[in-house]
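**Q** This structure is in structure tokens; I'll ask about it shortly.
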Amino acid sequence: MTVLNLFGKHQAHLSGHRTLPSWRSVVRGYPQLTISPAILIAILTAWWVVSHVLQAPTYIVPPPEQVWRALVNGLARAPWDPGGYWYHAGITVWEALLGFAMGSVFGAVLGFTIVHWPILEKSTYPYVVGFQSLPKVALAPLMVVWFGFGLEGKVFITAVITFFPVLVNTMAGYQSVEPERIELAYSCNASQWHLITKIIIPSCLPFLFAGLSVASVLAILGAVVGELVGARSGLGMLLMQYNQSMEIAPVFAVILLLAVIGFLMNALVKLAERRFCFWAYRQRGLIGP
């Protein structure tokens with residue numbers, strides 16, 4: 001019995017060691033908690049070295065502590081205070097959300113409609129490509145002429161910028177449906193409505209969310225571009241003011257704030273994708289490293 005007990009304890013000891021995760025498995029399983037903080041630390045260290053050790057001019061690269069102080073001071077003000085960041089960030093986010101919603105809905109509906117009727121696709125494709133090749137930033141001054149300095153121009157330019165990624169990905173998703181699946185559905189007496197809702201739309205969802213993921217980041221760009229051309233409020237307007245007065249630390253602070261806003265909008269799209277397109281995440285987990 002003593003030998004058996006010792007053997008059992010030895011086996012339990014070995015099994016306990018096998019269950020402990022190695023550092024490689026932790027890094028591979030949770031890169032957002034290991035590699036991402038390491039990258040951030042490396043960037044901040046390089047920034048500190050450039051500003052303090054290499055003594056770069058503050059009007060080129062301000063020290064990290066100055067940027068942090070400007071960010072804290074801007075966020076310390078009340079949300080209704082026009083002198084703070086919350087007020088202008090709320091306006092920029094509202095413009096980005098409205099433009100993102102308009103551009104995404106119009107792009108998804110138009111892309112689905114164009115591909116569903118081949119004659120419409122062939123007749124409108126040259127115009128879609130031609131309009132897509134236009135530099136969207138160049139349209140921003142025209143939006144100011146048409147809509148003035150109000151909300152409408154920023155929303156419109158944001159919708160134009162976010163429209164094309166959703167349009168192209170929706171078309172690609174529709175075209176990715178295997179003809180065999182459609183023929184099988186018709187052989188089972190499936191109606192046109194069941195074909196669209198049960199086969200085509202689920203097949204389009206991974207492509208659609210890929211377009212929405214890109215458009216969510218471009219929405220912030222569209223709102224800021226519209227504010228840079230002409231606006232009375234918004235983070236883009238703050239960037240123009242700080243740049244004209246050569247306040248570089250607040251410029252960096254606003255840029256960091258815009259990066260955080262873009263990351264949060266993209267994260268919301270990823271959450272929606274995980275909720276409504278969960279099978280794509282399962283496939284990624286099966287074929288992932």
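**Q** So which residue, out of 161, 41, 261, gets the largest mean-square fluctuation from a GNM of the chain using Cα contacts under 10 Å as springs?
**A** Evaluated over the chain, the most mobile residue of the options is 41.
**Q** Taking R0 as 35 Å, what FRET efficiency do you get between residue 246 and residue 53 from their Cβ-Cβ distance, rounded to the nearest 0.05?
**A** Details: r = 24 Å, r/R0 = 0.68.
The formula returns an efficiency of 0.90 here.
**Q** Compute the relative contact order of the chain as a whole-number percentage, counting only Cα pairs closer than 8 Å that sit 6 or more residues apart in sequence. Walk me through the intermediate numbers first.
**A** Working: 304 pairs, mean separation 60.7, N = 289.
Reported as a whole number, the value is 21 percent.
**Q** Treat each spin label as a single point 7 Å out from the Cα along the C-beta direction, and report the residue 60 to residue 81 distance in nm.
**A** Using points 7 Å along Cα→Cβ, the separation is 3.4 nm.
**Q** Within the P(r) computed for the chain, what percentage of the Cα pairs occupies the region above 37 Å?
**A** On the way: 15185 of 41616 pairs.
Result for the distance tail: 36 percent.
**Q** Another question about this same structure. Could you give the length gained by full extension between residue 272 and residue 32, i.e. 0.36 nm per residue of separation minus their alpha carbon distance, to one decimal place? Walk me through the numbers before you get to the answer.
**A** Working: separation 240, 0.36 × 240 = 86.40 nm, distance 1.92 nm.
This chain segment gains 84.5 nm when fully extended.
**Q** Next question. Loop only by DSSP, 16 or fewer other Cβ within 10 Å of the Cβ. Give me the chymotrypsin sites (Phe, Trp or Tyr not before Pro) in region 43-115 that pass, ordered by residue number.
**A** Details: sites: 47, 48, 59, 68, 80, 85, 86, 87, 94, 100, 106, 112; in loops: 59, 80.
Hits after loop and neighbour filter: 59, 80.
**Q** Can you give the local net charge around residue 98? Use residues other than it whose beta-carbon is closer than 10 angstrom to its beta-carbon, Lys and Arg +1, Asp and Glu -1.
**A** Details: positive: 154; negative: 95, 152.
Spelling it out: positives minus negatives among the neighbours equals -1.
**Q** From the residues 39, 170, 244, which one has its Cα farthest along the dipole of the chain in the positive direction, the dipole being from +1 and -1 charges on Cβ of Lys/Arg and Asp/Glu about the Cα centre?
**A** Result: 39, furthest along the dipole toward the positive end.
**Q** May I pose another question? What full-extension length gain, to one decimal in nm, is calculated for residue 172 and residue 260 as 0.36 nm per residue of separation minus the Cα-Cα distance? Intermediate results must be reported in sequence, preceding the final value.
**A** Working: separation 88, 0.36 × 88 = 31.68 nm, distance 2.99 nm.
Full extension of this stretch gives 28.7 nm more.
**Q** How big is the dipole moment of the chain about its Cα centre under a simple scheme where the beta carbon of each Lys and Arg is +1, that of each Asp and Glu is -1, and everything else is neutral? Debye, nearest 20, please. Intermediate results must be reported in sequence, preceding the final value.
**A** Details: 17 positive and 11 negative charges, 193 e Å.
So the dipole magnitude of the chain works out to roughly 920 debye.
**Q** When Lys and Arg each count +1 and Asp and Glu each count -1, what net charge do the other residues less than 13 Å away from residue 221, Cβ to Cβ, add up to? Present the calculation step by step, with values, prior to reporting the outcome.
**A** Working: positive: 136, 154; negative: 95, 227.
Local net charge: 0.
**Q** So, one more: Got a sec? Charge dipole of the chain, +1 on Cβ for Lys and Arg, -1 for Asp and Glu; which of 88, 194, 75 is way out at the positive end?
**A** 194
**Q** Could you compute the net charge surrounding residue 177? Neighbours are other residues with a C-beta less than 15 Å from the C-beta of residue 177; K and R count +1, D and E count -1. Display every interim value, and only then the final one.
**A** Numbers: positive: 181, 198; negative: 121, 178, 180, 183.
Surrounding charge for residue 177 is -2.
**Q** Set the Förster radius R0 to 35 Å, insert the Cβ-Cβ distance between residue 186 and residue 133 as r into 1/(1 + (r/R0)^6), and round the FRET efficiency to 0.05. Numbers along the way, then the final one.
**A** Numbers: r = 38 Å, r/R0 = 1.08.
After rounding to 0.05, the efficiency reads 0.40.
**Q** Something else: For residue 198 and residue 120, compute 0.36 nm times the residue count separating them, minus their Cα-Cα distance, and round to one decimal in nm. Walk me through the intermediate numbers first.
**A** Numbers: separation 78, 0.36 × 78 = 28.08 nm, distance 2.34 nm.
Extending this stretch completely gives an extra 25.7 nm.
None of the figures in this text is laboratory data; all of them are computed from the coordinates on show. These numbers were taken from a predicted model, which means no experiment stands behind them. So basically every Cβ, Gly included, is an ideal-geometry build from the backbone, and we count neighbours across all protein chains shown.
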